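Colleague: Please see the structure below; I have some questions.
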Amino acid sequence: MAFTKLSIEAAGADASCGSTPASEIDIWTIFRALRDARSVFGLRPGHIQTLQAMLSFLKPGHGETVFASNNSICQRVGGIDERTLRRHINRFVELGFIKRNDSSNRKRYRVRSSGGECISYGLSLAPLLQRASELITIAQEMENNRRDRIFVRKQILTKLAHLEEHDPNNTFINHARKTLRRKLSLPEYRALLSDTDAECQSLSTPDDPPETMQLPANDGQSVRHQSKSDEEKKDLDSNVGKEALKPELLTSVCDQATAFATEKLRDWMDIEAHARNLAPMMGIHPETFEKAKKTVGTQKASCAIFIMLQLGQRIRDFGAYFHSITLGQRQTQFDPVSLIKRLSKTNKSLA
């Protein structure tokens, strides 16, 4: 197949058949633009194959009219029937890409006068060449749109991966992944990205932990609005790592977690096993619990489960809270001994 260059300016009616103007354009660039933008015009792959075959009959310097017979075009397309070819040509005529210049007997040929003028009868592709700028612009816009959709989609997938690592049981993740199975428009992708950003903020992902994850001092203070006083901070700093917590004190103070145990919790091995069973029920992935054990230690990770369950509704999201105090920015501030003492005093005052 020859890669010809044809002039848009020569597309009038083949008035100067033997010369090629200086201003030229690669017709295959126009073809590729229409191929990429075919969905805009409702064209199918069969239409594009037919146009490709017709373009291959053009010769440099011989104008933009196809003189080949229907039979020759059908063979070059790959053996389609003539009725299909006529349908394809009619579609291009409707779209204004092809113009028929029919002779009296429907034959396709060219005649010349003694003065060098010529008339071409056949399928003129001049309208296609004249719309080169339009087609190239549309194809470029579609390519830009495609790249932008891929870019936004990758952003969504990255954020979903963070969410899934942080909270695998989140229902939004499944909803978003089902949505991504469909072919979305760019506005739809951007809307989904906005929803994903909102979900990341509401779930307090490790990328952006909110300031609402404060450890409560007593039952009367809310997790969302509490801030530590200087005295509480000194208390935490003085107790961290200096005082051992007895299993009996933990199980007696955190009776909410102990109530779920089928057997008496005698030592730290029993407490760890029980905490590992409670974690998934609280929306904490087993892998997250194991990572916390390696990072802050088995006792501290287990205590976090017991204390969080004791605090109950004052914690907005167990998964985010657990990550923050064991793997996140607040792991150094989490002091189980101090918290158990506060909870113990609160229980005594309420008794």
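The values are calculated or read from the model by the stated rules, or taken from the named source; none is laboratory data. Predicted model, so just to flag it, every value in this text is computed and none were measured. Reconstructed Cβ throughout: ideal geometry from the backbone, glycine too, with neighbour counts over all protein chains shown. With ligands, DNA and RNA removed, areas are computed over all heavy atoms of the protein, side chains included. Shrake-Rupley method; radii C 1.70, N 1.55, O 1.52, S 1.80 Å.
Colleague: What helices (runs of 4 or more DSSP H) completely inside the stretch 37-110 contain at least 1 residues that are open to solvent by 80 Å² or more (accessible area, probe 1.4 Å) and farther than 27 Å from residue 136 by Cα?
Modeller: Qualifying helices (runs of 4 or more DSSP H): 70-77, 82-95.
Colleague: When only residues in the stretch 249-271 that are within 14 Å of residue 299 (Cα to Cα) and touching a Leu at 6+ places or on another chain (Cβ under 8 Å) count, which is surrounded by the fewest Cβ atoms within 10 Å (Cβ to Cβ)?
Modeller: 251
Colleague: What number goes with the only condition from (1) at pLDDT 50 or above; (2) crowded, with 17+ Cβ neighbours inside 10 Å; (3) more than 28 Å from residue 80 (Cβ to Cβ); (4) not charged (D, E, K, R) that residue 17 does not pass?
Modeller: (1)
Colleague: Considering only residues that are hydrophobic (A, V, I, L, M, F, W, C), open to solvent by 20 Å² or more (accessible area, probe 1.4 Å) and modelled with pLDDT under 90, which ones fall in the stretch 272-281?
Modeller: 281
Colleague: How many residues does the stretch 249-284 contain that are within 26 Å of residue 316 (Cα to Cα), in a helix (DSSP H, G or I) and of a type in the set (A, V, I, L, M, F, W, C)?
Modeller: Here the count works out to 10.
Colleague: So, one more: For the stretch 282-304, what are the residues that are in contact (Cβ under 8 Å) with a residue 60 or more places away in the chain and open to solvent by 30 Å² or more (accessible area, probe 1.4 Å)?
Modeller: Scanning the stretch 282-304 gives a single hit, 285.
Colleague: Given the condition modelled with pLDDT of 70 or more, more than 17 Å from residue 308 (Cβ to Cβ), over 35 Å from the mean Cα position of the chain (by Cα) and not in a helix (DSSP H, G or I), answer yes or no: does some residue in the stretch 239-248 qualify?
Modeller: Scanning the stretch 239-248, I find at least one residue that is modelled with pLDDT of 70 or more, more than 17 Å from residue 308 (Cβ to Cβ), over 35 Å from the mean Cα position of the chain (by Cα) and not in a helix (DSSP H, G or I), so the answer is yes.
Colleague: Same structure, new question: List pairs: first residue in the stretch 101-113 and β-branched (Val, Ile, Thr), second residue surrounded by 12 or more Cβ atoms within 10 Å (Cβ to Cβ) and in a strand (DSSP E or B) anywhere in the structure, Cβ distance under 6 angstrom, at least six positions apart or on different chains.
Modeller: Within 6 Å, the pairs are 111/119.
Colleague: Moving to a separate point now. Just give me the residues in the stretch 271-281 being under 20 Å from residue 245 (Cα atoms) and without any contact (Cβ under 8 Å) to a residue 12 or more places away in the chain, in sequence order.
Modeller: Hit for the stretch 271-281 is 273, nothing else.
Colleague: How many residues are in contact (Cβ under 8 Å) with a residue 40 or more places away in the chain and at negative phi when one looks only at the stretch 53-93?
Modeller: Number of matching residues: 15.
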